[in-house]
1. From the C-alpha coordinates alone, can you work out the Kirkwood hydrodynamic radius of the range B:61-293, in Å?
2. Using only DSSP helix segments of four residues or longer, with each worth -39500 (n - 2.57), what per-residue ellipticity at 222 nm results for the protein assembly as shown after dividing by its residue count and rounding to 500?
3. Net charge within 15 Å of A:Leu125 by Cβ-Cβ distance, Lys/Arg positive one each and Asp/Glu negative one each, not counting A:Leu125 itself?
4. Give the average, rounded to an integer, of partner chain Cβ atoms located within 10 angstrom of each Cβ in B:192-204.
5. So for the protein assembly as shown, taking the charge dipole from beta-carbon charges (+1 Lys/Arg, -1 Asp/Glu), which of B:Tyr56, A:Pro77, B:Ala235 sits furthest toward the positive end?
6. Where Lys and Arg each count +1 and Asp and Glu each count -1, what net charge lies around A:Glu169 among other residues with Cβ under 13 Å from its Cβ?
7. How big is D, in µm² s⁻¹, for chain A by Stokes-Einstein at 4 °C and 1.567 mPa s if Rh is the Kirkwood radius over C-alpha pairs?
8. Once you've got the GNM for chain B with C-alpha springs shorter than 10 Å, pick whichever of B:Asp185, B:Asp195, B:Asp60 has the biggest mean-square fluctuation.
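No value in this document is a laboratory result; all are computed from the given coordinates. For clarity, every value in this text was computed on a predicted model and none was experimentally measured. Neighbour counts run over all protein chains shown; Cβ positions are idealised from the backbone, glycine included.
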Amino acid sequence: MKVTIKDLTKRFPGRTRKDPETIAVNDFDFEIPSGELVGLLGPSGCGKSTTLLMICGLLKPTEGRILFDEEDVTDVPPEERGVGLVFQNYALYPHMTVEQNIMFPLGNLRGKDKLSKEEMKSRALEAAKLVQIDALMDRRPKELSGGQQQRVAIARALVKMPRVLLMDEPLSNLDARLRLQTRVEIRRIQRETGITTIFVTHDQEEAMSISDTIVVMEAGVVQQIGRPQDVYDDPHNLFVAKFLGTPPINVFEGRLQDGKILIGDAEVFDVQDLAPDPAVDFFRTQAGSKEKASADAAGPIYRPGGVKTGPGRLAKEAGNIPVWVGIRPEGFYMDDNGPLTCTLKGVEVMGRDVTVVSTHPAFQGETIRTIIDAKSGVDPSKGEVRYRLRQGKVFVFDQSSGERLYGA
Amino acid sequence: MEDNNRKAWLYLLPAGILLAVFMIYPLIDVFIYSVEEGYNFASQTSKGTGLFNFNYILHDPYFLQAVRNTALCVAITVPISTGLSLLIAFGLSSIKPLRKLYQTIYFLPYVTNTLAVGLVFMILFKKTPYTDGVVNLLLHFFHGPSIDFIDGPYWAKMMVLCIYVIWIVMPFKILILTSALASVDQNYYNAAKVDGTRSWRIFWRITLPMISPTVFYLIITGFIGAFKEYSDAVALFGTDLNEAKMNTIVGYIYDMLYGDAGGYPSYASAAAILLFAIILTITVINLLVSRRHVHY
């Protein structure tokens, strides 16, 4: 089932007449290919859950359309959309057994779809086997662990064979170890059933690890859509760059001067070594979006609100532009003659590699964390450490708009 | 540990003394009275011990009448008041506009004095030389017969009493049920909605089981309250309930102690012990039933 979201907007009225209305989701435009696992990713309050509830039908969009394949479901009530929803707190009925919980959606079927008790039982067992919970059919939710409850919730959503499976923060109620296990499990179930699945999360690692496509949202606006690796390697703005990756990207205050990137007075990189932002092609791709859709095997590239910067503008203002310089932790390597000198604070040994903790006056934040190969041998007794930067790990962002100017 | 225990008992002492003086001692006393034959208040003497008092009241037509009235009242009012409260509470939680106003209106009888409510019921039901009462006027309007609800046939009096009791116990039940309904996680309803559950199935399979602990609490306290029915009968039929054939068990106990025929603490105690036994039995049955239907 292909899911198409067109210009989706949700506004909540203010509490009083004077209060401004809240724009939870602003002009969301996206097409989810059939059978994909899509992660809606963003900090809390970014509109990702609102989007999910609108796709599910529990919330009505203010504007825009939602299509399942070619069918417009915007005004179709949730029960007729054929969606399965897994709630964040699972919402398992506490007074029913696992089997009764899984069977509950089947009991709602009427008319020609009505199932006999045996059929319901066998369907429930089938769903339970898929999530490997079939040994616990007589338990009540209270008698299950968090991970088991999660599986029951997924089985209940799957038992009526939904066209689209929706999951609201599916892993947030699980402990760290179970989370790893369950996300692999969700991936497997999604692959086995082939159901188009959309899930919401604020955990970038979770979204990156299992999604075919991630949608990064902030303040109701989609920031970027793409394959997880592409979004990581090619963030379109400072927000996306900061949101993805652990440890997070290191952001320095810098300048663009005569084609060079400066942090403090150090010339850390030559702009020529950096590819311009691909979104510079944005206007062209917008015009010919059809060819783009077929040609772009790497997944859709999306930018909200158009691009205000480009090489043309930069060339004109090449004099001295204040910028944010974002460097991934793995984008540093040690070089005694490297241009970037940082004050060494400590070294954390991770085994395969080490995390070097340092500071720099132009750094935005507490400490710079860089991941260095364990063999490069950092001397913690030295007061400073010098870095050279890796191509493809340095991004330059406009200070006012946060849009990316150069990088990757 | 030992020291802590001593302290704990010390802190419990004030409450313990009060309980002992005002609850435990009288309870024991009541039990003793009930088995002492021919106890005399003035001389504080009795002729002996035995089950004579119980034997007497069980053959007393007034007591049997009181038991019958009480049982009938319990059997009618508890299911009806609980069911109606559930319906109204469910309605209240489904509407949005004016909910607060309705809640207040439904709660009014709870804060109104029983005797004041009795006066309202008199206006509704009592026949006087000047008017037949509002209900009779309504009956006349539909060409119905004129019925004396206060001094007339037994069924009419019982009906008025039951309506009265239902009316007076409902506010509390509605209040408790409304808050129970409000505490059901909205996600259960959302989950049911996504699955296309019809509203009656949501009510029977989700809402009712979720609030079942509250419902059983109300049923249990409802039974206890209805068995102790007395003041409402007085408000309607005056203090001579035996004359009106509308006496209740508590009314009988009161009469035996202080009524016209008063001065029989032994009979009163025996009746009180019997009432206690009845309430205990019903409550135990209720608890056993509720254990089978309440899962958390």
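1. Here the Kirkwood hydrodynamic radius works out to 19.8 Å.
2. Helix-only estimate at 222 nm: -14000 deg cm²/dmol.
3. Net of charged neighbours comes to +2.
4. Across B:192-204, the average partner-chain Cβ count within 10 Å equals 5.
5. Going by the charge dipole, the pick is B:Tyr56.
6. 0
7. 55 µm²/s
8. Per the Cα network of chain B with a 10 Å cutoff, B:Asp195 tops the list.
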